[in-house]
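What follows is a short report on a single structure.
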Amino acid sequence: MNECTFSPSSCHINLSALTRNFFRMGDPAGLLPVIKSDAYGHGLMPVARALDKAGALNFAVGTVSEACALRKAGFHQKIVPLLGAQTLEEWTLSFALHITTPVVDMDSLKRAAHCCPDHMTFPIAIACNTGMGRLGFSVEDMPDLLEALHRYPMLVPELAFSHLACADMPSEEAYTFAQEERFVSMTNALRAFFPDLSRSLCNSAAYASAGEDRFELARPGITLYGGNPFVGTPYADKASDFEWVMSVCAPILQVRALRSGESVSYGRTFTATHDMKAAVIGIGYASGFDRGLSNACDVLIHGRRCHQIGRVCMGMIMADVTGVGAVEPGDLAWILGGDPQPGQRIITAQEMADALGTISYEVLCRFGMSNQRIYH
Ligand SMILES: *Cc1c(COP(=O)(O)O)cnc(C)c1O
């Protein structure tokens with residue numbers, strides 16, 4: 001490596017697990033896998049390469065920049081940047097690289113038309129707001145939208161998509177059905193003129209629970225990376241057979257005796273109540289280990305769960321390794337994943353998310369983006 005690194009911790013990305021997760025989702029022709037935000041922290045290019053080998057025909061990314069990077073790297077798939085294009089430069093690049101660019105309102109539709117030269121065509125995606133209150137045209141915009149699409153025949157709508165606000169909440173099923181109804185009515189109006197338009201509504205949760213009713217393209221994200229959007233709900237079983245793709249580890253820097261009454265780290269939030277042994281581990285909040293996890297999570301050392309103790313520092317954490325045997329500097333502590341001994345469990349992004357009051361998505365993005373990544 002020729003760049004300096006600020007943390008000895010690393011992210012390990014298991015591309016075989018990613019591929020198996022993708023295969024579990026069925027026919028690639030019905031999938032628009034979501035690899036936005038650097039593939040949820042797993043790395044855009046390696047993830048795209050693995051999915052390409054597995055037969056992916058479409059990719060959803062976040063920015064036009066991600067879309068262009070993929071196209072320039074030679075990916076031939078349909079690529080949809082979910083955030084749309086903002087600057088004139090982005091619109092021009094999207095057109096030049098045949099990126100299926102979302103139009104979200106009349107203004108962006110006009111920009112798309114104006115950057116497409118005469119007698120050429122530009123593939124677009126129609127973003128529909130059906131109840132997420134985010135990007136897209138609403139039901140009442142349909143007459144104007146249809147009129148504009150006739151006025152700008154160079155724009156070729158390839159896809160109409162919408163996003164569900166509560167797909168992962170079985171208790172909000174009525175809201176999800178209402179969104180779906182709105183989506184059907186909007187896309188029926190569009191398909192009267194553009195019969196080849198594909199429809200995409202389902203994220204991971206909706207895809208896992210929808211049965212056959214998934215429209216042409218589903219947009220699974222978190223399940224690709226092993227997360228279960230239904231965790232903690234009565235539907236938890238519907239998306240429980242995906243494997244975590246990311247593991248995180250960090251070396252033990254020192255093992256120290258901690259005598260009864262001695263405290264650990266800033267603010268003295270942990271004090272030994274008996275003679276203990278503590279390991280100092282080379283990862284901290286600068287590398288994605290949220291300070292909110294102080295005294296609230298485990299790490300896996302020698303295959304055994306050890307409680308993290310004391311405040312999380314910028315580049316270090318401490319763990320209780322009393323009774324774990326011959327733990328030495330240089331041994332690895334697994335922050336996510338690990339190789340558990342019988343009767344022990346891997347550390348999951350979900351349990352960390354639960355401890356933090358967030359979702360596994362955020363945990364994965366953070367670790368992935370603030371550590372060197374190693375691919376297997
Ligand atoms: C992130 C995202 C998805 C994927 O959602 P998951 O819950 O990860 O499956 C799908 N569609 C849009 C528009 C998104 O922003």
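The values are calculated or read from the model by the stated rules, or taken from the named source; none is laboratory data. Since the model is a prediction, treat every value here as computed from it, not as a measurement. Neighbour counts are summed over all protein chains in view; Cβ atoms, including those assigned to glycine, are modelled from backbone coordinates with ideal geometry. With ligands, DNA and RNA removed, areas are computed over all heavy atoms of the protein, side chains included. Shrake-Rupley method; radii C 1.70, N 1.55, O 1.52, S 1.80 Å.
Tabulated values for the structure
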quantity: From THR187, THR223, residue being within 28 Å of LEU51 (Cβ to Cβ), out of contact with any strand residue (DSSP E or B) (no Cβ under 6 Å at 6 or more places or on another chain), hydroxyl-bearing (Ser, Thr, Tyr) and modelled with pLDDT of 95 or more; calculated: THR223
quantity: In the stretch 143-167, the residues that are within 16 Å of the ligand (Cβ to nearest atom) and either touching a Phe, Trp or Tyr at 6+ places or on another chain (Cβ under 6 Å) or basic (Lys, Arg) (or both); calculated: SER162, CYS166
quantity: Where SER294 falls short, out of the listed (1) surrounded by fewer than 15 Cβ atoms within 10 Å (Cβ to Cβ); (2) of a type in the set (Gly, Ala, Ser); (3) free of Cβ contacts under 8 Å to residues at least 40 places away in the same chain; calculated: (1)
quantity: Residue match in the stretch 316-332 (condition: under 18 Å from LEU356 (Cβ atoms), in contact with a Gly (Cβ under 8 Å, 6 or more places away or on another chain) and open to solvent by 40 Å² or more (accessible area, probe 1.4 Å)); calculated: no
quantity: When residues of the stretch 298-315 are limited to those that are assigned to a loop (DSSP other than H, G, I, E, B) and within 18 Å of SER7 (Cβ to Cβ), the one least open to solvent (accessible area, probe 1.4 Å); calculated: VAL312
quantity: Long-range neighbours under 6 Å by Cβ, at least six apart or interchain, first residue within 14 Å of ILE124 (Cβ to Cβ) within the stretch 185-208, second within 9 Å of the ligand (Cβ to nearest atom) and assigned to a loop (DSSP other than H, G, I, E, B); calculated: SER200/LEU32; SER200/ARG219
quantity: Looking only at the stretch 244-271, and only at residues there that are in contact (Cβ under 8 Å) with a residue 60 or more places away in the chain and small (Gly, Ala, Ser), the one that is least open to solvent (accessible area, probe 1.4 Å); calculated: ALA250
quantity: Filter result (under 27 Å from THR92 (Cβ atoms), open to solvent by 20 Å² or more (accessible area, probe 1.4 Å) and within 16 Å of the ligand (Cβ to nearest atom)) within the stretch 28-64; calculated: LYS36, SER37, ASP38, THR63
quantity: Hey, ALA250 more than 31 Å from the chain's Cα centre (by Cα) and assigned to a strand (DSSP E or B) or not; calculated: no
quantity: Residue list for the stretch 133-161, filter: surrounded by 12 or more Cβ atoms within 10 Å (Cβ to Cβ) and assigned to a helix (DSSP H, G or I); calculated: VAL139, ASP141, MET142, ASP144, LEU145, LEU146, ALA148, LEU149
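Table: residues versus (1) under 18 Å from LEU82 (Cβ atoms); (2) crowded, with 20+ Cβ neighbours inside 10 Å; (3) within 14 Å of the ligand (Cβ to nearest atom).
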| residue | (1), (2), (3) |
| --- | --- |
| PHE194 | no, no, no |
| LEU201 | yes, yes, yes |
| ALA210 | no, no, yes |
| ALA218 | yes, yes, yes |
| ILE222 | yes, yes, yes |
| TYR225 | yes, yes, yes |
| PRO229 | yes, yes, yes |
| ALA239 | no, yes, yes |
| PHE242 | no, yes, yes |
